[in-house]
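Nothing in this text is a laboratory measurement; each read-out follows from the coordinates by a stated rule. Just so you know, these numbers come straight off a predicted model, no measurement behind them. Note that we place each Cβ from the backbone using ideal geometry, even for glycine, and neighbour counts take in every protein chain shown.
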């Protein structure tokens, strides 16, 4: 009887291991934030507490019990600065600093390749988050990770509250029904093998240069995969202009 009981315990443990996903969080900080201005990329500029936008973004994922590992994609000219931040902060989950590309899609692709080409990360999920969104909540991160248990792609969005104009040559052509639209936020999250395959297809077919986010890549080349929407938050805003600081 004891032998049977132990065997069941072992089987249950093995099932837990199989069902437990490994959640990778990638902070995309590869840009220089030219619209904010200044000598530093915007993600290195301080907020009111003196800590940088990037530090706040990393802190959010470091604090989440749903995140197993963190990587930061950094502009090559500022990797040494990122190394210094890693040394001065107690980020136990931050394992990699990955060189970014000239465009956002290149930064995402560099991170995806860094993990997808390693056999150690089979079955993992990847959350791609803009460093310029330093106020992402623990609720959003948790909801995204939970949604990944039943969906291969997840994004964060909030309803559109303003009237939407369709414009041509600076003239209003039509007024759109805003009930059918939402504003995208991050993180955008995927099963690693799924988003890797979509990126490979997009690059081979030359589509990639026109995309503005990772969900667009998936919808173009894996349209059969539904993208689950997790409710975002107005606090999860993106710092784009100097006034946003």
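How high is the FRET efficiency between residue 163 and residue 205 when r is their beta carbon distance and R₀ equals 45 Å, given to the nearest 0.05? Mind showing how you got there, number by number?
Numbers: r = 36 Å, r/R0 = 0.80.
FRET efficiency, residue 163 to residue 205: 0.80.
Grab the Cα-Cα distance for residue 40 and residue 102, subtract it from 0.36 nm times how many residues apart they are, and report the gain in nm with one decimal.
Going from the current span to full extension adds 20.7 nm.
Please give the calculated 222 nm ellipticity per residue for the chain, where each DSSP H segment of at least 4 residues contributes -39500 (n - 2.57) and the sum is spread over every residue; nearest 500 deg cm²/dmol?
Values: 7 runs with 83 residues, N = 245.
Taking each H run of at least 4 residues, the total per residue is -10500 deg cm²/dmol.
Using the Cα atoms as the points, what is the convex hull volume per residue of the chain in Å³?
Roughly 176 Å³ of hull volume per residue.
Going by C-beta contacts inside 10 Å, put 85, 45, 128 in order with the fewest on the left.
Listing 85, 45, 128 from fewest to most nearby Cβ atoms yields 45, 85, 128.
Using only the alpha-carbon atoms, how far is helix 192-204 inclined from the longest principal axis of the chain? Give it as 0 to 90 degrees, nearest 10.
Rounded to the nearest ten degrees, it is 40.
What ranking of 42, 222, 176 emerges when the number of other C-beta atoms within 10 Å of each C-beta is taken as an exposure proxy, fewest first?
Neighbour counts put them in this order, fewest first: 176, 222, 42.
Between residue 178 and residue 229, what is the label-point separation in nm under the 7 Å Cα-to-beta-carbon projection?
1.4
Can you give me the C-alpha center-to-center distance between segment 152-187 and segment 203-245, rounded to a whole angstrom?
Their Cα centres are 13 Å away from one another.
For 74, 182, what's the fewest-to-most ordering of other Cβ within 10 Å of each Cβ?
Taking fewest neighbouring Cβ atoms as first place, the list is 182, 74.
Relative to the longest principal axis of the chain, what angle (0 to 90°, nearest 10) does the C-alpha long axis of helix 104-116 take?
Helix 104-116 and the main axis of the chain meet at about 10 degrees.
Only bridges whose two residues both fall in the chain count here: according to DSSP, what percent of them are antiparallel, nearest 5?
Antiparallel bridges make up about 45 percent of those DSSP assigns within the chain.
For the chain, take the longest principal axis of its alpha carbons; what is the angle in degrees between that and the long axis of helix 2-19, to the nearest 10 within 0 to 90?
The two axes meet at around 20 degrees.
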